[in-house]
Amino acid sequence: MTHPLWPLYDLRITTIDPDLGRVVLRLPTEAELPAFVAIVSGGIHSPDEMPFSIPWTDLPSPARERSSYQFYMSTRSGWTVDDWILTLGVWVDDTPVGFQDLRAHEFPKVRTVGSGSWLGREFQGRGIGKLMRQAVLALAFDHLGAEIAETEAFLTNRASARVSLGVGYEPNGIGRLLQRGVAQDAQRFRMTLEGWRARPRPAFAVEGLDGCRDLFGLDAQPGPAS
């Protein structure tokens, strides 16, 4: 363990993709956050679209950068076993490309996770979004003991829906979210542990989990991966 005060910094998920190369998901340090801020400044969606229920990309600079920094820091300071957000930076061959979140509320009891993500526009359409979603699902289902994964996206966000369906989620009804202050319909998706195991998955190596198992409400001694 190289970060005894916050062992989540040692947690990482790695895979080797034949087309993309080495893909790593891990918690960025404060010093690494400006590189991700630069990606957002370069654009992650067109100005006439808003894929997020919290329109954080609409904020002008430097309020956007400071708000993002506050959010990332709050996920560390506000972490509890019963309510957590794991904000993982994504690197492809050492190049930062986006963020993939895994989140849960009352996880030890309900065994359900949610997710959110963003990807720089220059990196979209290459299969990275699908791979990084599967990476956090591998952590959740194969190592944390999750039984259900949920996500949702505005009906207009076809790219997100394609990723969810491509990974193996199933439609799970229609909900409503605010889009720039206006209520809009959103497609809900759901995947069970059985659904996760029903198809072949990329091979993901998970390192550093032993030191932070207690942060997820897991037993001190690691169990076998499912």
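How much net charge surrounds TRP91 when only the other residues with a Cβ under 9 Å from the Cβ of TRP91 are counted, with Lys and Arg +1 and Asp and Glu -1?
Details: positive: ARG22, ARG26; negative: ASP93, ASP94.
Overall, the nearby charge balance is 0.
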Can you work out the Karplus-derived ³J(HN,Hα) for every residue in region 115-129? Use 6.51 cos²θ - 1.76 cosθ + 1.60 with θ = phi - 60°, whole Hz, and x for glycine or proline. 8, x, 7, 8, 9, x, 4, 5, 9, 7, x, 10, x, 5, x
Of SER77, SER68, SER117, SER61, how do they rank once you tally other Cβ atoms within 10 Å and put the fewest first? SER77, SER61, SER68, SER117
Spin-label zone in region 119-162 - amide nitrogen under 13 Å from a point set 7 Å from the Cα of ASP185 along the C-beta vector: 154-157
Computed on Cα atoms, Rg of the chain relative to 2.2 N^0.38 Å comes out at 0.98
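With Cβ to Cβ distances under 9 Å as the rule, what net charge do the other residues near ASP58 carry (K, R +1; D, E -1)? Could you put the intermediate results ahead of the total?
Values: positive: ARG64, ARG180; negative: none.
Combined, the nearby Lys, Arg, Asp and Glu give +2.
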Placing +1 on each Lys and Arg Cβ and -1 on each Asp and Glu Cβ in the chain, then taking the dipole about the Cα centre, the residue among GLY21, SER53, ALA135 whose Cα reaches farthest towards the positive end is SER53
Which ordering of LEU5, LEU178, LEU33, LEU102 is given by a fewest-first count of other beta-carbon atoms within 10 Å? LEU5, LEU178, LEU33, LEU102
How do the peptides 167-175, 184-192 rank, highest first, by the average count of neighbouring beta carbon atoms within 10 Å per residue? 184-192, 167-175
Using a 10 Å cut-off on Cβ atoms, rank the peptides 132-139, 159-166 from the highest mean neighbour count down. 132-139, 159-166
From the square roots a ≥ b ≥ c of the eigenvalues of the alpha-carbon gyration tensor of region 43-115, which class results: rounded (a/c under 1.5), prolate (a/b over b/c), or oblate? prolate
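Every read-out reported here was derived from the displayed coordinates using simple, explicitly stated rules and does not represent laboratory data. All values reported here derive from a predicted model rather than from experimental measurement. In this analysis, Cβ positions are derived from the backbone assuming ideal geometry, glycine residues included, and neighbour counts consider all displayed protein chains.
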